[in-house]
Amino acid sequence: MNEMDLHLANRMIKDIENDLSSSKFVFNTTFTQISKTNLLLLKGFLDIQKKSGLFTVLDRPHQYMSYLLNMHGVSQENLWFIDAVTHTSGQELKRSRKVNFLASPFHVDRLLEDIEFYSNNKTKGFIPLQKVDFLMIDNIATMLNYNMMRKVEDFVVSLSDFQKEYDHIVISVTIDRESNPKLCEVLLEYFDSIIDTEELKNEIQI
């Protein structure tokens with residue numbers, strides 16, 4: 001990570017910390033920067049805040065983000081993965097106590113139920129929701145590749161309800177607003193804040 005990346009990771013986390021009225025955040029970034037935005041957010045949550053959390057992958061198998069985190073020296077000690085895409089990618093399922101694989105990304109309506117099942121001490125070695133500080137979704141627009149908009153809208157509602165039940169958990173989703181204006185509009189009905197990473201970059205003085 002370069003100096004700008006580290007400043008941006010710190011700034012994104014500070015924006016989350018300073019927004020005391022919010023627990024659900026939309027991070028808007030260009031499509032080509034989604035993975036990097038998620039990497040910097042994880043840097044902020046895991047290394048800066050020393051938090052524990054869940055990273056739900058819908059876009060690429062979890063090994064991709066795990067590799068990026070390793071390459072940039074970000075600790076994964078307090079990170080658990082929910083992988084909804086490896087089953088459809090043809091890649092080998094490398095099982096771990098910190099990774100749970102969903103059978104398919106076509107059933108987003110069951111995603112949160114699966115997370116609750118895995119996390120509430122029903123799966124050996126997985127973090128209980130009482131100890132989860134954050135829940136990230138890598139690229140929520142990917143759900144539209146497998147599900148109708150109506151089902152994804154229902155998921156957004158259920159995600160908001162989930163956060164109300166587990167109100168200690170900060171939820172963040174990443175999206176390219178320009179490419180997915182309708183979905184972003186739905187998100188903003190139920191999420192508290194939208195943070196534009198390009199605007200943050202422009203505000204940072206190095």
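The criterion of being surrounded by 13 or more Cβ atoms within 10 Å (Cβ to Cβ) and without any contact (Cβ under 8 Å) to a residue 60 or more places away in the chain does not hold for L187.
Figure legend. Inter-residue proximity from region 53-74: first residues closer than 12 Å to L42 by Cα, second residues at pLDDT below 90 and assigned to a loop (DSSP other than H, G, I, E, B), beta-carbon distance below 6 Å, spacing 6+ or different chains. Indicated pairs: H72/M1. If you go through region 128-169 and keep only what is surrounded by 12 or more Cβ atoms within 10 Å (Cβ to Cβ), assigned to a helix (DSSP H, G or I) and of a type in the set (S, T, N, Q), you end up with T142, N145, S158, S160, Q163. Per the listing F81, F101, F106, the residue uniquely under 26 Å from G44 (Cα atoms) and modelled with pLDDT under 80 is F101. N10 versus (1) within 29 Å of P181 (Cβ to Cβ); (2) surrounded by fewer than 18 Cβ atoms within 10 Å (Cβ to Cβ): which is the lone unmet condition? Here N10 clears every test but (1).
Checked against the criterion of being touching a His at 6+ places or on another chain (Cβ under 7 Å) and farther than 15 Å from F25 by Cβ, the candidates I127, I115, I204 yield just one match: I204. Looking only at residues in region 14-37 that are of a type outside the set (F, W, Y) and in contact with a Phe, Trp or Tyr (Cβ under 7 Å, 6 or more places away or on another chain), which one is surrounded by the most Cβ atoms within 10 Å (Cβ to Cβ)? Checked region 14-37; the qualifying residue surrounded by the most Cβ atoms within 10 Å (Cβ to Cβ) is T37. Answer with yes or no whether E116 is part of a helix (DSSP H, G or I) and modelled with pLDDT under 90. Criteria met by E116.
The sole residue among N18, N10, N2 that is over 17 Å from I140 (Cα atoms), modelled with pLDDT of 90 or more and over 16 Å from the mean Cα position of the chain (by Cα) is N10.
What about L200, is it under 20 Å from F45 (Cα atoms) and assigned to a helix (DSSP H, G or I)? Judged against the criteria, L200 is a match.
The values are calculated or read from the model by the stated rules, or taken from the named source; none is laboratory data. Quantities reported herein were computed from a predicted structural model and do not represent experimental measurements. Virtual Cβ from ideal backbone geometry, glycine too; neighbours counted across all protein chains shown.
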